[in-house]
Amino acid sequence: VVLGAVVAAEWAASEAARHVAAAASVRLQQTANQAADALMAQLQVRLAAMRATAAQWPLQPAEGTALDARLAALQAQQPELGWIGALDGSGRWLAATAPWPDAETLPGQPWLARARRNPVVVLHRSHDQGMLDALVLAVPLAVDEGARAGVLLAQLPWLWLQAELDAQLRAIGGGVPIELLLTGPGGRVLAGPSAVRGLAPGADLSDAGRYLIEPANAFEQDEERAGWGAPGGAWQLWVRERAQEALAPARQTHRAVLIGVLAVGLLAALAAVAVARWLLRRLDALAQQARAVRSGQRDSIDIPAGHDEVHAIGVTLAQLSAHWQGEKAALTRLNAELDARVAARTARIERLARDARSAAVTRERLRLARGLHDTLAHSLMALLTQIRLMRKLG
């Protein structure tokens, strides 16, 4: 029972720990989805604000200073936008709030065609090795009837994105030490803790299993949805948590279930012993009677009442005891008869021995008598002869 309890406890504890670990994984994925939805909502809000503003600016062929002022006003309304610029339908820059070294590479990007119809958020890859990739927001810019639509573009700095991730982390973390990471094409870390921002693209974000990490399903790449796009691959939001802390409930559950099931198994074993002793009490009484019969303190065994195995064993032992008692009485009678026969034989042997001794004495006497008769008669005859001879001679 104890061995079975140990096996059952280990299995149940492992299953409980597995379910707790699965629950932790689901919790991390839900957190990632929640953070991704919140981040997308922030970006959509800014896209909506840019689109609403752009809809109020019909693009005229010869706008210069007026458009610069509008862009500056938009940047004043949304100071998180680090740079704002406008392209006409032919891809020519109309205005910009400030110089951007990589701005000249934007007109040739393939996503601009979509940006002329719907708002898009893209990760623009910098051609300058010393520059970071840029998160670019683009919305259609209204034009006069018959003209090709322009594009209003804005750059979001990574500091804003990191600040948004930190804010989401504080909002949804609930005191749990979790980390949010944003990766771009090829698995390059775009935003997240400083320890991972320097990792090579495609590096193991779980740090060899020391972290549990889950992606946000709501942040998967879909170029047909809301204009999310990135050249060369998708970007992804990840949530990770230290495995030691995330799986601590699993270990506690494993230990609690193991101890609980093992304790129940031990109690079951003790209960089984008690129940077995209670069930076998009549068998113990029967065994005591059998020992008493063996030692000669009893002559018979009382058959237990009932129709169970103990009753059957009692009947068998009583029959064996009666048989043994009969055999013992027969042996006693046989021993008595043998003793009587031995005594009679012994008396006869003793009588024969006495007769033999008497016969031996008689034989000896006869032998002596014959010896005396033969020797004395011969000597007397010789003496008589000598006497007669002496008489004749004398």
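Do you know which of the residues in region 93-109 that are in contact with a Gly (Cβ under 9 Å, 6 or more places away or on another chain) and assigned to a loop (DSSP other than H, G, I, E, B) is nearest to residue 67 (Cα to Cα)? That would be 97. When we screen 270, 247, 258 for residues that are within 30 Å of residue 16 (Cα to Cα), hydrophobic (A, V, I, L, M, F, W, C), within 29 Å of the chain's Cα centre (by Cα) and at pLDDT 85 or above, the only hit is 270.
Quick one: how many residues across region 273-313 are of a type in the set (Gly, Ala, Ser) and under 43 Å from the mean Cα position of the chain (by Cα)? Of the residues in that region, 2 qualify. Remark: pairs (first residue in region 178-205, surrounded by 14 or more Cβ atoms within 10 Å (Cβ to Cβ); second residue of a type in the set (Gly, Ala, Ser) and part of a strand (DSSP E or B); Cβ separation under 6 Å; 6+ apart in sequence or on different chains) = 182/191. Quick check on residue 81: is it under 17 Å from residue 138 (Cβ atoms), buried (at least 19 other Cβ atoms within 10 Å of the Cβ) and either at pLDDT below 80 or in contact with a helix residue (DSSP H, G or I) (Cβ under 8 Å, 6 or more places away or on another chain) (or both)? Taking the combined requirement at face value, the residue satisfies it. When we screen 97, 105, 53 for residues that are among the β-branched types (Val, Ile, Thr) and in contact with a Phe, Trp or Tyr (Cβ under 9 Å, 6 or more places away or on another chain), the only hit is 97. One residue alone among 302, 374 is assigned to a helix (DSSP H, G or I) and either closer than 30 Å to residue 279 by Cα or open to solvent by 70 Å² or more (accessible area, probe 1.4 Å) (or both), and that residue is 374.
Of all residues in region 84-106, those that are of a type outside the set (Lys, Arg), exposed (fewer than 15 other Cβ atoms within 10 Å of the Cβ) and on the phi < 0 side of the Ramachandran plot total 8.
Which residues, counting only those in region 257-288, are touching a residue at least 24 places away in the same chain (Cβ under 8 Å) and not aliphatic (A, V, I, L, M)? Once the filter is applied, which keeps residues that are touching a residue at least 24 places away in the same chain (Cβ under 8 Å) and not aliphatic (A, V, I, L, M), region 257-288 yields 260, 265, 282. Under the condition of being at pLDDT 80 or above, touching a helix residue (DSSP H, G or I) at 6+ places or on another chain (Cβ under 8 Å) and not hydroxyl-bearing (Ser, Thr, Tyr), the residues counted in region 96-118 number 1. The set of residues from region 70-92 being in a loop (DSSP other than H, G, I, E, B) and of a type in the set (Lys, Arg) comprises just one member, 92.
Residue pairs whose Cβ atoms lie under 6 Å apart, sitting 6 or more positions apart in sequence or on different chains, and linking a residue in region 305-334 that is free of Cβ contacts under 8 Å to residues at least 24 places away in the same chain and at negative phi to a partner that is open to solvent by less than 80 Å² (accessible area, probe 1.4 Å) and not basic (Lys, Arg), are 311/304; 318/301.
Can you tell me which of (1) open to solvent by less than 40 Å² (accessible area, probe 1.4 Å); (2) modelled with pLDDT of 80 or more; (3) not hydrophobic (A, V, I, L, M, F, W, C) is the one residue 162 doesn't meet? Of everything listed in (1) open to solvent by less than 40 Å² (accessible area, probe 1.4 Å); (2) modelled with pLDDT of 80 or more; (3) not hydrophobic (A, V, I, L, M, F, W, C), residue 162 misses just condition (2).
The values are calculated or read from the model by the stated rules, or taken from the named source; none is laboratory data. This structure is a prediction, so every number in the text was calculated from the model and none was measured. Glycine gets a Cβ as well: all are built from the backbone with ideal geometry, and neighbour counts include every protein chain shown. Calculation scope for accessible area: heavy atoms of the full protein, side chains included, ligands and nucleic acids excluded. Shrake-Rupley method; radii C 1.70, N 1.55, O 1.52, S 1.80 Å.
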